[in-house]
Every structure is written in C-alpha cells, then in structure tokens.
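**Q** Structure below; questions to follow.
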Ligand code: ATP
Ligand code: MG
C-alpha cells in the first residue's frame, strides 16, 4: 500500500529538527491507489462522514484516501470531493492550505515537497499552496492562528493579498460563527495570540465582521498579560473586550460569536466591576465589587475575577498587589461568612431583614479590611 504521512506532523517534525519547540503530535496518513472497498478489505475501519477516512486496524491512526476537491457553492459545505484510486499525492497536496502543511513523508523518511514547503519552512513564511486557497475562508483563520502559534513566521505578501480579496468579495461572510469561534479559541491558546489579531486585521477580516471591537494597545496588553500568567482561554476572550465601553457591548459581542455562557458571564461581570476593581482603595470598593459581581452566590467566579484583576491590572494594584490580593480575599471571606439567618432573627420587622444583612456584610468587610491593613 502506498502511504504517506502529511500535514502538521511533517511540518512540526521539520521545525523541531530546526530547533524550534514545535512537537509533532498525531500522524495523519494519505493513501494513494486504493478505494474504500480495498481499504475495508485490508481491515481498515471507515470513519469519515464527508470523505473517505479510515482507522488503521492496529495503530488506529487516521488514513485518508488521496482526494481532490472542487468548490460548488459558497460556504463550508459547498465542496464536492473526488477520492479515487487515480488521484495522485501531488493532487492531494495541492488542495491543502499552506505550503508548510503540504509536505509528505514516506515511511522510510523521504520528503515529497512539490509546492516549496521546505523552502518556506526554512524562511519562516506562511504561503498558500494554490489559488484554491480562496475556496475555503476557514483557511484565513487557520493561517491567522498559525501566525500566533509560530510567531517568527511572516505571511507571504501574495497570500495576504489573496486573503484581502477573499474578505472584500464577501467569501469570508459565509463562515458560521461556530467555526470562527473554534479557530479563535485555538488561536487564543497559542503563544502569541496578538499575531492572529494582526493577520485578521491586516486582511480586513476583523473590520468586516467585528468593526465595533477595537484591538488597540490596551487589548493587546491585556492578552499579553493573560499569556504571561497562563490564564485560560475563557479569560483571554474577556481580554478581547478590554476596550468595549460597557457590559452590554461585551455581552452582545461574545454572544454573537457564540462564546460559552460562562465566558460571557465572566467577561460581562468583569466589565461591570472594572472601575472599583481597578481602584480597590477602600472597603467600600470591595463591597461594590462583591455586590456587582454577586460574589455571595458566585464565589468561584469572584475568585477568578480577582485573579484576572491581579494579573491583568497590576499597575493599579501596584507593588502591593500581593498584599491587596490577600486583603480582598479576606474581605470576600468576611462578606460570604455573615450568617444571614442569625442577623434576620435580630429583626422585628421582616422588611428590615435585607438591609440588616447587607449592613452586617458591609461591617464584616470593613473589619476585615482594617484588620489586614499594613499586614
Ligand atoms: P495541528 O498540529 O494543529 O493538528 P495541522 O496542520 O495538522 O495542525 P489539521 O487540522 O490536523 O492541522 O489538518 C491536517 C492537514 O490537513 C493540514 O496540515 C493541512 O494540510 C490540511 N488541512 C486541514 N484543514 C484544511 C483546510 N481547511 N484547507 C486546506 N487544507 C487543510
Ligand atoms: Mg493535525
């Protein structure tokens, strides 16, 4: 059987040989000269829904029949695939997105590189393989996240020009939000996510879809600090909303891109408490933060918000960041541990209970705040 390893594994293998930190992971195989029937006869298990992909009977690695594809309608599903025994390796590689992803390796370790992938890999260039790149707008997002993953790579000028054209022609409008979200999330998990934003801005994609979401230096700094502190991707989505004016905008944006409910609620709450959280000069600020963030019922989220604040707004917290962190945590503990039932019992008029409990919580926070002063 004629089989080749292709795609990310080969790219990362060559990069790691060059000394880069890229670690090759899953191997993807392409099979030439076979048919679905002959694969099944050989014991492979068919798994592909849209195109013929099989699992190896022993290694369970993925083997795809070499295929070509043709665009027949706009959008992600508008492709017709042709997988047959006469499709060559070169034809299969030609439909791939980037030259560095279109290198094949034989089982004996020889490289087959018809589109200059090894040259581009050496020169650290992300370049499209052929004009067919324009048929699938997901490739814009894939390229953008490869830029975030391999920050030393630049985008070939002709590829940037092609992406601009794809955006201007409206081809990229067909991308469904779920697909964009998946790629954005992967890009935000990369070492330098702002490179993804650079690419999406440079080709016009960002402006066309998210014109009212600014990506200025404050956003980039917030993202950078998320990376330095290893904050999770959900918090990096919040960093993307740094320059939005209020929680309504934050919610509208993150909902429109189909971010998870937790991500939306985190970012929205962050925006709501941003002013007192950045200031945090008194027990009153702490109370305002706890009230606006519903800290009593959402204590875990409150802890995450405090963590975000301490990592991403460190200049407001200044050199006393650690001390302030301890202090706000003590205040949170005080806020949450007031026994509402006991306070209620001290009231004769039921209408006074809510304000009595609130007062008790404020007193507790004030006491905790003072107790930790100078500690
Ligand atoms: P990773 O290390 O993230 O898995 P990868 O390059 O292997 O990176 P995959 O999504 O696993 O990415 O895809 C495997 C290969 O399939 C790619 O290297 C590329 O050759 C090709 N490919 C994947 N998606 C597309 C696409 N939308 N258009 C063209 N080629 C694609
Ligand atoms: Mg892969």
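The values are calculated or read from the model by the stated rules, or taken from the named source; none is laboratory data. Values in this document were obtained by computation on a predicted structure and should not be read as measured data. Virtual Cβ from ideal backbone geometry, glycine too; neighbours counted across all protein chains shown.
Yes/no matrix, rows are residues, columns are (1) exposed (fewer than 14 other Cβ atoms within 10 Å of the Cβ); (2) on the phi < 0 side of the Ramachandran plot:
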| position | (1), (2) |
| --- | --- |
| 7 | no, no |
| 16 | yes, yes |
| 20 | no, yes |
| 27 | no, yes |
| 39 | no, yes |
| 43 | yes, no |
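**Q** Further question: For the stretch 72-79, does any single residue satisfy the condition of being over 19 Å from residue 210 (Cα atoms), within 16 Å of ligand 2 (Cβ to nearest atom) and either touching a residue at least 12 places away in the same chain (Cβ under 8 Å) or touching a strand residue (DSSP E or B) at 6+ places or on another chain (Cβ under 9 Å) (or both)?
**A** no
Residue by residue, here is whether (1) outside any loop (DSSP other than H, G, I, E, B); (2) closer than 21 Å to residue 162 by Cα; (3) touching a strand residue (DSSP E or B) at 6+ places or on another chain (Cβ under 7 Å) holds:
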position	(1), (2), (3)
34	no, no, yes
43	no, no, no
59	no, no, no
70	yes, yes, yes
82	yes, no, yes
87	no, no, yes
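**Q** Would you confirm, using the coordinates I've provided, whether residue 301 is without any contact (Cβ under 8 Å) to a residue 60 or more places away in the chain and either farther than 18 Å from residue 224 by Cα or assigned to a helix (DSSP H, G or I) (or both)? Steps first, answer last, please.
**A** Working: without any contact (Cβ under 8 Å) to a residue 60 or more places away in the chain: yes; either farther than 18 Å from residue 224 by Cα or assigned to a helix (DSSP H, G or I) (or both): yes.
Yes: the conditions hold for residue 301.
**Q** Using beta carbons and a limit of 6 Å, which pairs, at least six apart or on different chains, have the first residue in the stretch 3-18 and farther than 16 Å from residue 56 by Cβ and the second one assigned to a strand (DSSP E or B) and more than 11 Å from ligand 2 (Cβ to nearest atom)?
**A** That search, which allows pairs on different chains as well, returns 10/105.
**Q** Which pairs turn up if I take residues in the stretch 122-148 that are at positive phi and look for partners that are in a strand (DSSP E or B) and more than 16 Å from ligand 2 (Cβ to nearest atom) with beta carbon separation below 7 Å, at least 6 apart in sequence or on another chain?
**A** Correct list of pairs: 124/154.
**Q** State the number of residues belonging to the stretch 7-19 that are more than 8 Å from ligand 1 (Cβ to nearest atom), assigned to a loop (DSSP other than H, G, I, E, B) and touching a helix residue (DSSP H, G or I) at 6+ places or on another chain (Cβ under 8 Å).
**A** Number of matching residues: 1.
**Q** While we're here: Pick out the one residue from 161, 104, 144 that is buried (at least 16 other Cβ atoms within 10 Å of the Cβ) and out of contact with any strand residue (DSSP E or B) (no Cβ under 8 Å at 6 or more places or on another chain).
**A** Values: 161 fails: buried (at least 16 other Cβ atoms within 10 Å of the Cβ); 104 fails: out of contact with any strand residue (DSSP E or B) (no Cβ under 8 Å at 6 or more places or on another chain).
Result of the check over 161, 104, 144: 144.
**Q** For the stretch 256-281, enumerate the residues that are more than 15 Å from residue 303 (Cα to Cα), within 15 Å of the chain's Cα centre (by Cα) and part of a helix (DSSP H, G or I).
**A** Listed by number, the list holds a single entry, 264.
**Q** Sticking with this structure for a sec: Could you look through the stretch 324-375, keep only residues that are in a loop (DSSP other than H, G, I, E, B) and within 42 Å of the chain's Cα centre (by Cα), and pick out the one that is surrounded by the most Cβ atoms within 10 Å (Cβ to Cβ)? Talk me through it step by step, then tell me what you get.
**A** Here is the first cut: in the stretch 324-375, the residues in a loop (DSSP other than H, G, I, E, B) are 338-339, 346-349, 372-375.
Cutting the leftovers down to within 42 Å of the chain's Cα centre (by Cα) gives us 338-339, 372-375.
Details: 338: 19, 339: 10, 372: 17, 373: 10, 374: 6, 375: 8.
The residue in question is 338.
**Q** Looking only at the stretch 96-151, which residues are within 21 Å of residue 178 (Cα to Cα), in a loop (DSSP other than H, G, I, E, B) and within 16 Å of ligand 2 (Cβ to nearest atom)?
**A** Scanning the stretch 96-151 gives a single hit, 97.
**Q** Of 223, 197, which residue is within 19 Å of residue 304 (Cβ to Cβ) and within 14 Å of the chain's Cα centre (by Cα)? Steps first, please.
**A** Details: 197 fails: within 19 Å of residue 304 (Cβ to Cβ).
On inspection, the qualifying residue turns out to be 223.
**Q** Given the options 120, 113, 136, name the one that is closer than 28 Å to residue 90 by Cβ and at pLDDT below 95.
**A** Numbers: 120 fails: at pLDDT below 95; 113 fails: at pLDDT below 95.
From the options 120, 113, 136, the qualifying one is 136.
**Q** Ok, one more. Looking for something away from ligand 2 (no atom under 16 Å from the Cβ), within 28 Å of residue 175 (Cβ to Cβ) and over 27 Å from the mean Cα position of the chain (by Cα) - is there at least one such residue anywhere in the stretch 18-38? Show your work before the answer.
**A** Step one: filter the stretch 18-38 for residues away from ligand 2 (no atom under 16 Å from the Cβ), giving 18-21, 31-38.
Next, from what is left, pick out any that are within 28 Å of residue 175 (Cβ to Cβ): none.
Scanning the stretch 18-38, I find no residue that is away from ligand 2 (no atom under 16 Å from the Cβ), within 28 Å of residue 175 (Cβ to Cβ) and over 27 Å from the mean Cα position of the chain (by Cα), so the answer is no.
**Q** Exactly one condition in (1) touching a helix residue (DSSP H, G or I) at 6+ places or on another chain (Cβ under 9 Å); (2) surrounded by fewer than 16 Cβ atoms within 10 Å (Cβ to Cβ); (3) on the phi < 0 side of the Ramachandran plot is not met by residue 170; state its number.
**A** (3)
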